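Structure, as structure tokens:
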């Protein structure tokens with residue numbers, strides 16, 4: 001932190017200790033939800049979530065769908081409850097990110113049910129006296145009964161919220177009684193019931209809840225002075241800066257805007273390079289305290305947007321000395337005590353402090369993670385295409401420390417994928433391609449006196465088109481992979497020249513392409529089977545501009561468009577014996593590749609030459625009697641233009 005103007009330190013060991021203290025008040029068999037809304041009250045939602053889960057949290061609580069999306073983006077898969085009412089426009093994102101919405105009205109429940117594509121778990125919020133969101137307790141049983149009948153909604157939880165658990169026992173008791181009465185009136189038992197926030201965990205016991213929500217107290221900030229005698233907590237956040245300049249003022253000189261402070265005598269004061277734009281509240285002008293060298297120093301004058309003046313007359317200080325503005329173990333600069341100076345909210349100052357500060361997470365005295373300036377993690381969906389392109393190019397340049405190489409990587413490789421918006425980028429998984437050669441004893445191109453192939457080895461289509469093909473191998477192929485289905489049909493295409501086949505490499509509706517020998521007619525190719533998820537497809541052949549197009553389709557595919565499905569395509573054709581090589585190429589991003597060449601007794605001395613562009617340059621090669629297989633790791637991505645050449 002030597003180069004930082006200001007920074008925040010998040011002590012995860014203190015956070016864990018606070019959770020352990022709170023758990024002492026939680027009944028056996030009761031789970032806890034960690035509240036991480038507003039970026040975990042300014043503490044960093046991801047790191048706090050991860051630590052809370054390790055400490056036993058079974059739920060996370062957020063304020064809106066965007067906060068939940070960010071945690072999913074960062075790899076958190078624990079159940080996440082959206083505590084505030086959601087908007088109709090957010091329903092798709094809720095389902096896509098597997099978030100749990102709170103139902104605060106019957107109308108939203110009905111809308112959610114109509115839009116839900118599968119059963120979705122919900123929690124119902126009952127307003128027992130908070131007077132904020134939720135279904136009013138007098139209408140809650142009727143509304144819950146109607147929600148229970150909605151086919152796509154599953155009521156997993158019912159909850160309420162104490163209004164003043166920290167300091168109004170009578171009102172909390174009234175709310176608790178109302179909530180219990182509603183639970184008793186239900187004709188089913190929800191999996192989760194919860195009403196207690198972290199203050200309620202300490203002050204309001206009940207025997208009907210099995211989940212509690214831990215918020216401000218878990219961050220080491222007391223919601224009421226009376227709680228200090230009941231639980232010992234440590235601040236998790238510390239906000240720091242350093243001295244930027246040291247000045248002196250004579251008696252009668254004013255400091256800061258509007259001359260709100262006048263020096264009572266000759267004094268020394270320090271300028272700190274933070275202000276209300278950094279989240280240090282303007283209301284602390286002439287009231288706040290900071291800690292320098294374990295001594296409290298008063299804030300003098302009005303707090304500016306970017307600067308604070310503090311009295312250091314009694315101290316021997318230097319420029320860049322460390323200053324603690326909030327947190328620490330000193331009572332005077334704890335969040336709840338600072339905000340009490342202006343009747344403010346400790347929630348607010350925690351959420352806003354360090355807006356322009358880098359954030360560091362510590363555990364057992366060691367720094368384990370950091371968050372960027374402005375405390376905003378990178379989320380690609382926040383950016384326009386042009387801005388995102390700039391971010392990608394700049395990031396590559398910074399990582400490689402070379403503008404020339406970054407230009408090469410971005411312009412010649414990545415730009416192909418990212419700048420053409422009309423080209424949807426899709427990918428395949430579990431790609432398995434098997435090609436089998438069998439011998440053909442037909443004399444070449446003789447109609448009248450050719451030997452006949454056994455009809456059992458030919459597809460019905462080729463039986464009607466077979467000719468003398470002694471110089472060719474009968475070739476059977478099977479291709480399987482998973483991919484997002486784009487249309488209710490797809491094409492298989494083949495041609496007898498690379499130039500003719502080239503146009504099919506640009507078409508998104510073509511899933512299989514085959515190059516015939518230029519001596520063969522295009523109709524000597526057959527799709528013997530085409531399936532999507534075990535649905536046998538209809539296929540129709542059509543010769544077009546010297547190419548064979550086979551359209552594979554089925555009415556049921558319309559329901560699968562946009563979903564990841566399994567493709568299975570089998571073909572039969574002929575391959576020239578004098579070629580002495582067989583090539584298989586990948587033209588899409590593919591995860592997990594297995595390419596097999598089965599040649600039995602018809603070939604000898606087959607060698608595989610892989611051309612893989614992937615994390616591992618050399619894929620695995622397995623040779624067995626009569627076959628050879630090339631494969632990547634199942635989770636390995638292989639880039640387009642990769643493939644293998646079998647030489648024989």
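The table below gives the values:
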{"quantity": "Helix-derived mean residue ellipticity, 222 nm - over the chain, DSSP H n ≥ 4, -39500 (n - 2.57), to 500", "calculated": "-5500 deg cm²/dmol"}
{"quantity": "Residue 260 versus residue 607: modelled label distance in nm, points set 7 Å from Cα along the beta carbon direction", "calculated": "8.3"}
{"quantity": "Residues 254, 241, 232, sorted so that the one with the fewest Cβ neighbours within 10 Å comes first", "calculated": "232, 254, 241"}
{"quantity": "Contact order relative to length of segment 92-201, as percent, for alpha carbon pairs under 8 angstrom and 6 or more apart", "calculated": "26"}
{"quantity": "Nearest 10 degrees, 0 to 90: helix 385-400 Cα axis against the chain principal axis", "calculated": "90"}
{"quantity": "Bridge type composition, the chain - antiparallel percent by DSSP, nearest 5", "calculated": "70"}
{"quantity": "Segment 427-647: C-alpha gyration tensor shape, a/c 1.5 cut-off, then a/b vs b/c", "calculated": "oblate"}
{"quantity": "Inter-centroid distance (Cα atoms) of segment 24-81 relative to segment 253-292, Å", "calculated": "37"}
{"quantity": "Segment 346-365-segment 167-190 distance, computed between alpha-carbon centres (Å)", "calculated": "36"}
{"quantity": "Pairwise label distance in nanometres, residue 74 with residue 616, each label 7 Å out on the Cα-Cβ vector", "calculated": "3.3"}
{"quantity": "At 0.890 mPa s and 25 °C, Stokes diffusion of segment 1-107 via Kirkwood alpha-carbon radius, µm² per second", "calculated": "163"}
{"quantity": "The chain: angle of helix 169-184 to the longest principal axis, Cα-based, in degrees nearest 10", "calculated": "30"}
{"quantity": "Förster-model FRET efficiency, 41 Å R0, residue 382 and residue 502, C-beta, rounded to 0.05", "calculated": "0.60"}
{"quantity": "For segment 465-560, alpha-carbon Rg and Dmax in angstrom", "calculated": "14.1, 45"}
{"quantity": "For segment 117-195, the fraction of alpha-carbon pairs in successive 10 Å shells from zero, as %", "calculated": "19, 51, 24, 6, 1"}
{"quantity": "Mean separation of Cα contacts under 8 Å, 6 or more apart, over the residue count of the chain: relative contact order %", "calculated": "10"}
{"quantity": "For segment 503-601, the fraction of alpha-carbon pairs in successive 5 Å shells from zero, as %", "calculated": "2, 9, 18, 22, 22, 16, 8, 3, 1, 0"}
{"quantity": "Euclidean distance of C-alpha centroids, segment 576-648 and segment 530-555, integer Å", "calculated": "26"}
{"quantity": "Values of log10 I(q)/I(0), in the order q = 0.07, 0.09 Å⁻¹, for segment 26-229 under a Debye, Cα-only, solvent-free model", "calculated": "-0.19, -0.32"}
{"quantity": "Spin-label model distance (nm) - residue 253 vs residue 535, 7 Å beyond Cα toward Cβ", "calculated": "8.2"}
{"quantity": "Value of Rg/Rh across segment 585-648 [Cα atoms, Kirkwood radius]", "calculated": "0.99"}
{"quantity": "Neighbour-count ranking [beta-carbon atoms within 10 angstrom, fewest first] of 94, 231, 435", "calculated": "231, 435, 94"}
{"quantity": "Alpha-carbon Debye profile of the chain, log10 I(q)/I(0) at 0.05, 0.09 Å⁻¹", "calculated": "-0.40, -0.92"}
{"quantity": "Footprinting exposure proxy for 43, 136, 489 (fewest neighbouring C-beta atoms within 10 Å first)", "calculated": "136, 489, 43"}
{"quantity": "Expected-Rg normalisation [2.2 N^0.38 Å, Cα atoms] applied to segment 237-371", "calculated": "1.04"}
{"quantity": "Contact order relative to length of segment 587-642, as percent, for alpha carbon pairs under 8 angstrom and 6 or more apart", "calculated": "54"}
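Read the figures in this text as sums done on the coordinates, not as results from a lab. Fair warning: this is a prediction, and the values are worked out from it, not measured in the lab. Note that each Cβ is placed from the backbone with ideal geometry, even for glycine, and that neighbours are counted across all protein chains shown.
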